């Protein structure tokens, strides 16, 4: 399925690569170390959406000056994530599964992380769908990285574990279908409120 997806999406990949090459210097692909199954790191591949040698937080908020104009378009349409299908073909990702995190934000001593890392990470999942417009939510914060680690990541972990506990092949198919709808109609997936992100008492 992943290889077929790469073939079908190749026109969009070539278009994105051409736009990146024409508007900014540097490589077309962005590679970043992420934490894989059982804590084994791997290299995630995306179309590059930021300027080369960009420094700063490893989370991206809406309006981040590091993102190029073409990069904003790629991120909004999620075209930047198409190369991740190669990670799926290599066995590093699944189509559906918890999104892989950068090692900096992973606590291997945390029981929630231990549970999440039992599964192969994926391109999409219900939490990722709920946070389809995560950058918009982070853009409202004075300290996006602090908000991410204190509020957003714990919300993700709770959601990942909840999904994994009841996961079935049919639920994965539903996630793929809803992911397609979310890409085509992003306005249908507004970010959750702050109250929704915090754990219930």
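We did not get these values from a lab; they are worked out from the coordinates using the rules stated. Values in this document were obtained by computation on a predicted structure and should not be read as measured data. Heads up, the Cβs are rebuilt from the backbone with ideal geometry, glycines too, and the neighbour counts pull from every protein chain shown.
Below is a table of values for the structure above.
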read-out: Spacing of the two label points (7 Å from each Cα toward its C-beta) at residue 168 and residue 17, in nm; value: 4.1 nm
read-out: Shape of segment 100-201, Cα gyration tensor, a/c cut at 1.5; value: oblate
read-out: For segment 65-150: rounded, prolate or oblate by the Cα gyration tensor [a/c cutoff 1.5]; value: oblate
read-out: Difference of contour (0.36 nm per residue) and Cα-Cα distance, residue 193 to residue 8; value: 63.0 nm
read-out: Radius, Kirkwood style, for the chain when every pair of distinct Cα atoms is counted (Å); value: 17.5 Å
read-out: Cα gyration tensor category, rounded, prolate or oblate, for segment 1-95 with a/c compared to 1.5; value: oblate
read-out: Relative contact order computed over the chain (Cα-Cα under 8 Å; 6+ residues apart), in percent; value: 21 percent
read-out: DSSP bridge pairs, the chain: antiparallel proportion in percent, nearest 5; value: 80 percent
read-out: Two-site FRET efficiency, residue 29 against residue 65, from Cβ-Cβ distance with R₀ of 25 Å, rounded to 0.05; value: 0.70
read-out: Per-pair calculated FRET efficiency, R0 = 25 Å: residue 78 and residue 140 via Cβ, rounded to 0.05; value: 0.75
read-out: Helical contribution to [θ] at 222 nm, DSSP H n ≥ 4, -39,500 (n - 2.57), averaged over the chain, rounded to 500; value: -13000 deg cm²/dmol
